[in-house]
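Every number in this text was worked out from the coordinates using simple rules, so none of it is lab data. Model, not experiment: these values are computed from the prediction. Neighbour counts are summed over all protein chains in view; Cβ atoms, including those assigned to glycine, are modelled from backbone coordinates with ideal geometry.
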Amino acid sequence: MKLQAASKVLGTVNAPHRTRLSALELADAISDICVAKSNMGPAFAFFSEVSPELQLSFVNEMGLSHKEVRKVAKYFQALCPFPLAFAT
């Protein structure tokens, strides 16, 4: 399966945190608060450093529930002083 948004997103979230999350691991981290807490850097980077359009493409490409991703985004929003697009 070729994931166009995933390859762009993974470069953004993995590099600064020296992680090697796969697209599936990142998908879990942005759609489950417990997993997000174990992968704070990459999960937060997804919501704060990836463009809203690319976030939406990744979420759709991975077949994630927008409701569940929004829950995780709101968790990070409570810890962050600037707005996160997916939290609104």
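Sort out for me the helices (runs of 4 or more DSSP H) sitting completely within region 1-75 that have 2 or more residues that are small (Gly, Ala, Ser) and under 14 Å from residue 87 (Cα atoms).
Numbers: elements: 4-14, 23-31, 33-38, 40-49, 52-61.
In region 1-75, 40-49 are the helices (runs of 4 or more DSSP H) which contain 2 or more residues that are small (Gly, Ala, Ser) and under 14 Å from residue 87 (Cα atoms).
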Is it the case that region 17-33 has a residue that's in contact with a Ser or Thr (Cβ under 7 Å, 6 or more places away or on another chain) and surrounded by 17 or more Cβ atoms within 10 Å (Cβ to Cβ)? yes
Restricting to region 53-77, and then to whatever is touching a Phe, Trp or Tyr at 6+ places or on another chain (Cβ under 7 Å) and touching a residue at least 24 places away in the same chain (Cβ under 8 Å), can you tell me which residue is farthest from residue 24 (Cα to Cα)? 76
